[in-house]
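The values are calculated or read from the model by the stated rules, or taken from the named source; none is laboratory data. Here the structure is a predicted model, which means the values were calculated and not measured. Note that each Cβ is placed from the backbone with ideal geometry, even for glycine, and that neighbours are counted across all protein chains shown. Accessible surface areas use protein heavy atoms only, side chains included; no ligands, DNA or RNA. Shrake-Rupley method; radii C 1.70, N 1.55, O 1.52, S 1.80 Å.
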Amino acid sequence: QGTSNAVQIDPAVVPKNPVRPKPLLYTLIAGGIGLLLAVGTVFLMEQLDKTLKTPEDVEHLLGLPILGLIAEIPYLKRDVQAIYVLQNPRSPVTEAFRSLRTNLEFSAVDKPLKIIQVTSASLGEGKSTVAANLAAVLSQAGKRVVLVDTDMRRPQIHRFFGLSNRVGLSDLFHNHASLADVSHRVGDLPGLEVVTSGSLPPNPTELLASETMNKILNELKQQVDIVVLDSPPSLVADAQALAAKADGLLLVVQPGYTRADT
C-alpha cells in the first residue's frame, strides 16, 4: 500500500521563457481592442453629432444657395465688439463681407432688396456680427443704410457701435418719439444710421407683428436705400413676425455649432 505507482517519464525542465506575461501578444490584443474602441467612439460621435459642418451640408439640408463664407473674426479681446470691416479694411474677413454684399445684389436683380433681415437658428451664431458688418460694407458702397436692432430680448447692436440703449425702436411704438430721436449717426460711415432696440418690452412679438411696425419700416424705406434688421433667432416667434415684412432673409449658420434640427 505504501508503494507509489507514479512513474517518471521525463525529468522536469525549467522553461526558457516565462509562461506569463507575454508582452507581444498582450500588446497586439490591447492594440486591436483600442482600435475597435476608437473607431466605435468616432462612429458614435458622428451619429450623435447633428451639427452642420460644410456648405454642402447647408445646401443639402435647406436647398438654398450659400451667399457668403465669413471666417471667424479674430477679436483681440473676447468681450470687445466692434465693426471689424472698419478697423481692418484689407483683411480677408472684410473681403468676405464685400463678397456677401455683391452676392446679395446679384440674388435680387428683378426685385431689389430694400429690407434685409438677418437671423440665425439659435443664440450665439454671429447674426449680430454679420448684420453690423454687412450694414457697414453696404454703407461703404455708397448706399444709404439704416441698421435696426429688432432683437428686443438680447440686443447687441449698441455694443458694436458703443451707443447707449436707453432709447430706441421700442420707444417708437409709444408715439412719443420719432425716427430722428432714436437714430444714431456713425462718424466713420456717413451713410449709415443705427437704431438700437431701446428698453426691453414685455411683448416684443406683438410689437414686431403690429401695424405700427409696418409704418416704421415704410418710413425707413422712404428715407434710405437699404434697411438691415438684426432680428432674434428663429427659435422665437419674433423672427417669423419680421420675416413677413422683409424682402429677404439672411440665415447665419456657424459650422460645427448650428444643429440641423434647429
Practice problem: Those residues that are buried (at least 17 other Cβ atoms within 10 Å of the Cβ) and in contact with a Gly (Cβ under 8 Å, 6 or more places away or on another chain), I need them from the stretch 173-228; list them, please. | Solution: Val182, Gly191, Val195, Thr196, Ser197, Gly198
Exercise. Working only within the stretch 89-114, note down all residues that are open to solvent by less than 50 Å² (accessible area, probe 1.4 Å), part of a loop (DSSP other than H, G, I, E, B) and free of Cβ contacts under 8 Å to residues at least 60 places away in the same chain.
Key: Ser91
Exercise. Please determine, by comparing only the residues of the stretch 40-52 that are open to solvent by less than 90 Å² (accessible area, probe 1.4 Å) and under 19 Å from Tyr257 (Cα atoms), which one is farthest from the chain's Cα centre (by Cα).
Key: Val42
Self-check item: Residue among Pro255, Pro232 that alone is crowded, with 19+ Cβ neighbours inside 10 Å and not in a helix (DSSP H, G or I)
Solution: Pro232
Quiz item: of a type in the set (Gly, Ala, Ser), under 27 Å from Ser210 (Cβ atoms) and surrounded by fewer than 16 Cβ atoms within 10 Å (Cβ to Cβ) - does that describe any residue in the stretch 149-170?
Solution: yes
Exercise. Considering only the stretch 185-211, state which residues are free of Cβ contacts under 8 Å to residues at least 12 places away in the same chain and not in a strand (DSSP E or B).
Key: Gly187, Pro202, Asn203, Glu206, Glu211
Practice problem: Please name all residue pairs, on different chains or six or more residues apart, with Cβ atoms under 8 Å, provided the first residue is in the stretch 48-64 and is in contact (Cβ under 8 Å) with a residue 12 or more places away in the chain and farther than 18 Å from Ser122 by Cα and the second residue is open to solvent by less than 50 Å² (accessible area, probe 1.4 Å) and hydrophobic (A, V, I, L, M, F, W, C). | Solution: Leu64/Val58
Exercise. Give the residues of the stretch 24-39 that are aliphatic (A, V, I, L, M) and open to solvent by 80 Å² or more (accessible area, probe 1.4 Å), sorted by residue number.
Key: Leu24, Leu25, Leu28, Ile29, Ile33, Leu35, Leu36, Leu37, Val39
Quiz item: Taking the stretch 115-157, which residues are among the polar types (S, T, N, Q), assigned to a loop (DSSP other than H, G, I, E, B) and in contact with a helix residue (DSSP H, G or I) (Cβ under 7 Å, 6 or more places away or on another chain)?
Solution: Thr150, Gln156
Quiz item: Quick one: would you say Leu67 is open to solvent by less than 90 Å² (accessible area, probe 1.4 Å), assigned to a loop (DSSP other than H, G, I, E, B) and in contact (Cβ under 8 Å) with a residue 24 or more places away in the chain?
Solution: yes
